[in-house]
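Read the structure below first, then the notes.
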Amino acid sequence: MTGVRVSMYRPDLLRGQRILITGGGTGLGKSIGQRYVALGADLVICGRRAEVLAQTAQEFKDTLGVSIETHVCDVRDAQAVTSMMDAIWANGPLDVLLNNAAGNFLARTERLSPRAFDAVVDIVLKGSAYCTMDVGRRWIAAGRKGTAMSILTQSAMTGMPYTVPSAMAKAGALAMIRSLAVEWGPYGIRTVGVVPGPFPTEGAWSRLMPQERIGEAPIEQGVALRRLGEHHELADLCVYLISDSAAFITGEAVVIDGGRWLQGAAGASAYHMQQWPDSTWDSLKPKKTAT
Ligand code: HXC
Ligand code: NAP
């Protein structure tokens, strides 16, 4: 439990901000989009499945009374990305791009086919690059400022067995953020990243958290705060990073993982030591010898 939720944001904080979230029809992208809309943003989402996008748009209309723009687009296809951006710009320029679309699954790397490797890398690395390059090109040509934010994973920093294509692709996306922060900084374009720890979603859990994986060692055990993330916590960070309050932050990726990667770095014994009774700690103290 994270206690009572009190928003620190003005209800109109994002009014006038036009934002595209790739893969915004499901999971974390949907939750972030919901928060953006609630704070007044003009939201656009894209994904490959028209019915998923339509369902999300309807849900936002029913619950928030707001219409959002949807585009069917496979971000692996550079031409499709450009066509989508043309259509988006016809209704008004974007202020923010959120590269959220991803693909991932558990597999032993030596058994991956080239198509399997490409399936992940093309979405995560190339898709993020195609969207960012296209939007950046338009911002630069128009002399507009903008923010391109990308959702990363811990694996971008540390690597990760059994999800090697994703780790490689997210590491590339992190390199893009850092590189473009410098190259596009003079234009007033910020590039930032978010590194979420475990936030349950159907998409991630169905592919990455089979019972065999979590049965004996619940994920929470590997998180310093001993719990999973809640979507509103990630959404709040994603609001801050695109807001004017974060106007001096660029080239940075902010970790929001309850201390998961540091718990991992501390090693398995740290978790066990945290379970030791007082008597074990007491037994380690030097014994007082009678004089
Ligand atoms: C081995 C696999 C595989 C698996 C697919 N392939 N799944 N190989 N193990 N589990 C292989 C296929 O056999 C095929 O290769 C190739 O990958 C392409 O498969 P398709 O099904 O045709 O691909 P496509 O329809 O393009 O789907 C892409 C996908 C799919 C990545 C495979 O999972 C997808 O659409 N994912 C989108 C959503 C998603 O992944 N969400 C989770 C994000 S979570 P061959 O050679 O046989 O033809 C995340 C980090 C979370 O990113 C961190 C949590 C802590
Ligand atoms: P998700 O619900 O499966 O989200 C992935 C989204 O990407 C889907 O809406 C999917 O829609 C879209 N997508 C996939 N391939 C696409 C393509 N080629 N073109 C356009 N859209 C595409 O999973 P999630 O957990 O919310 O993940 C969202 C982001 O958070 C990802 O970047 C992921 O790496 C990151 N992340 C998640 C966690 C976690 O714990 N959940 C942790 C760390 C990082 P379609 O299938 O309809 O295209």
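Of the peptides 275-281, 173-179, 89-95, the order by per-residue mean of other Cβ atoms within 10 Å, starting with the highest, comes out as 173-179, 89-95, 275-281. If you take the Cα centroid of region 168-192 and the Cα centroid of region 201-240, the two points sit 26 Å apart.
What Kirkwood radius, in Å to one decimal, follows from the Cα pairs of region 176-291?
On the way: mean 1/r = 0.0565 Å⁻¹.
Roughly 17.7 Å, rounded to one decimal.
Peptides 107-115, 148-156, 242-250 ranked from most to least packed, by the mean per-residue count of other Cβ atoms within 10 Å: 148-156, 242-250, 107-115. Note: the chain, Cα convex hull, 184 Å³ per residue. The charge dipole of region 105-158, taken about its Cα centre with unit charges on the Cβ atoms of Lys, Arg (+1), Asp and Glu (-1) only, comes to about 200 debye. Reducing region 1-77 and region 99-158 to their Cα centroids gives an inter-centroid distance of 19 Å.
For residue 23, the residues whose amide H sits under 5 Å from its own are 46, 47, 101, ignoring neighbours fewer than 5 places away on the same chain, with H placed 1.01 Å from N.
According to the Cα gyration tensor, what semi-axes, each the square root of 5 times an eigenvalue, does the equivalent ellipsoid of region 77-194 have, listed from largest to smallest in whole Å? Spell out each step's value before the answer.
Working: eigenvalues 158, 52, 18 Å².
After diagonalising the Cα gyration tensor, the semi-axes are 28, 16, 9 Å.
Here the extension length gained between residue 273 and residue 62 equals 71.0 nm, from 0.36 nm per residue of separation less the Cα-Cα distance.
In this structure the amide hydrogen of residue 189, modeled in the peptide plane, comes within under 5 Å of the amide hydrogens of 146, none closer than 5 places in sequence on its chain.
When the dipole is taken about the Cα centre of the chain, and only Lys, Arg (+1) and Asp, Glu (-1) are charged at their Cβ, what size is it in debye, to the nearest 20? Display every interim value, and only then the final one.
On the way: 29 positive and 27 negative charges, 104 e Å.
Dipole about the Cα centre, nearest 20: 500 debye.
We did not get these values from a lab; they are worked out from the coordinates using the rules stated. What you see is a predicted model; the values in this text were computed from it and never measured. Glycine gets a Cβ as well: all are built from the backbone with ideal geometry, and neighbour counts include every protein chain shown.
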